[in-house]
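Here is the structure we will look at, set down as structure tokens.
The values are calculated or read from the model by the stated rules, or taken from the named source; none is laboratory data. Remember, predicted model here, so these are calculated numbers, not experimental data. With ideal geometry, Cβ positions are generated from the backbone for all residues, glycine too; neighbour counts draw on all protein chains shown.
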């Protein structure tokens, strides 16, 4: 399965995307109702951490993919798929706003590392997009599993390389 096949599958079956990106803000809202004022306490902050990672990683990926489509593929903004390209970004923004109402981000465990994580993921994606566009590495017929494996390897290399460089 190529990445294009994966996106085609998601476009053909939008119910998975709709359920996922509507369930996360709804869960955050329900936690706000149940745990009002207790967002920094043990069960709620852990759930908030999971929700943040579940929505921010796909949201950032969607932003990067949209930038790639607009800048490199010359895709018109009018051709953007609302469910696959816009909904993850809107869900990310809505979820972060809902969580912010109940707890300060500094009280959520792991949120301080998220900036570093997202910066590394963004750097990995930009490197791969540039390599793809310059045709140094052709991703045309590479299976999606191998691209994910390369992303993980590049992520780990960048993560540990920057730690060694800045220590």
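Odds and ends about this structure:
- Residues being surrounded by fewer than 13 Cβ atoms within 10 Å (Cβ to Cβ) and part of a helix (DSSP H, G or I) - total across segment 55-77: 2
- Selection from segment 138-151 of residues that are more than 21 Å from residue 57 (Cβ to Cβ), surrounded by 12 or more Cβ atoms within 10 Å (Cβ to Cβ) and modelled with pLDDT under 70: 142
- For residue 125, the conditions (1) part of a helix (DSSP H, G or I); (2) over 22 Å from residue 10 (Cβ atoms); (3) at pLDDT 70 or above are fulfilled apart from (2).
- Residue that is surrounded by fewer than 18 Cβ atoms within 10 Å (Cβ to Cβ), farther than 23 Å from residue 146 by Cβ and modelled with pLDDT of 90 or more, where the choices are 50, 23, 80, 28: 23
- Taken over segment 31-45, the criterion of being modelled with pLDDT under 85, surrounded by 13 or more Cβ atoms within 10 Å (Cβ to Cβ) and assigned to a helix (DSSP H, G or I) is satisfied by 44, 45.
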